[in-house]
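Novice: Pasting in a structure now, in structure tokens, and then I'll have a few things to ask.
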Amino acid sequence: MKYLCLVYLEEQKLHAVADSECFACGEAFRSSGALVAAEALQPIETATTVRVRNGKLTITDGPFAETKEQLAGFYLLDARDLNEAIQMAAKIPPAREGSIEVRPVRDLDVGSAAT
């Protein structure tokens with residue numbers, strides 16, 4: 001099963017963990033066959049939020065919500081179960097400075113129509 005590990009850090013801690021350490025972590029997951037994808041994100045001030053309400057497009061700078069921590073990157077991992085995904089998430093270096101949100105990937109039900 002796939003799990004998305006979302007890396008959250010406070011802005012002032014974005015560089016508290018060396019990029020090389022995060023890269024090495026990703027390479028270790030890749031060599032074990034668990035890594036599907038991983039990327040670091042640009043700082044929050046580069047974000048754009050898109051909404052469509054009643055057919056009208058609205059674009060705003062920045063994230064959807066004001067928070068202390070920001071989404072800094074992600075690892076998409078293939079794990080047997082949630083427990084294994086949590087164990088892998090604990091190895092992601094920014095977990096020492098921020099937090100890692102672990103969420104199972106949901107398969108879309110393409111057979112049902114949206115109403």
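All of the numbers you see were taken from the coordinates with simple rules; none came from a lab. Please read these numbers as outputs of a predicted model, since none were measured by experiment. Cβ: placed from backbone, ideal geometry, glycine included. Neighbour counts: every protein chain shown.
Novice: Filter segment 1-15 down to the residues that are part of a strand (DSSP E or B) and within 11 Å of G98 (Cα to Cα) and list them by number.
Specialist: L6, V7, Y8, L9, E10
Novice: Does E21 fit the bill of being touching a residue at least 40 places away in the same chain (Cβ under 8 Å), charged (D, E, K, R) and part of a helix (DSSP H, G or I)?
Specialist: Yes: the conditions hold for E21.
Novice: I would also like to ask the following. I'd like the residue in segment 11-36 that is under 22 Å from I86 (Cβ atoms) and among the charged types (D, E, K, R) and, out of all such residues, is surrounded by the most Cβ atoms within 10 Å (Cβ to Cβ).
Specialist: K13
Novice: I would also like to ask the following. Going through R51, R80 one at a time, which residue ends up being exposed (fewer than 12 other Cβ atoms within 10 Å of the Cβ), in contact with a Leu (Cβ under 9 Å, 6 or more places away or on another chain) and among the charged types (D, E, K, R)?
Specialist: Going through R51, R80 in turn, the sole match is R51.
Novice: Does segment 40-50 contain any residue that is touching a residue at least 24 places away in the same chain (Cβ under 8 Å), not β-branched (V, I, T) and not in a loop (DSSP other than H, G, I, E, B)?
Specialist: Yes - at least one qualifying residue is present in segment 40-50.
Novice: Taking the criterion of being over 15 Å from A90 (Cα atoms) and of a type in the set (A, V, I, L, M), would at least one residue in segment 20-35 satisfy it?
Specialist: For segment 20-35, residues over 15 Å from A90 (Cα atoms) and of a type in the set (A, V, I, L, M): absent.
Novice: Can you name every residue in segment 82-115 that is outside any loop (DSSP other than H, G, I, E, B) and either farther than 21 Å from S32 by Cβ or among the charged types (D, E, K, R) (or both)?
Specialist: The answer is E84, R96, S99, E101, R103.
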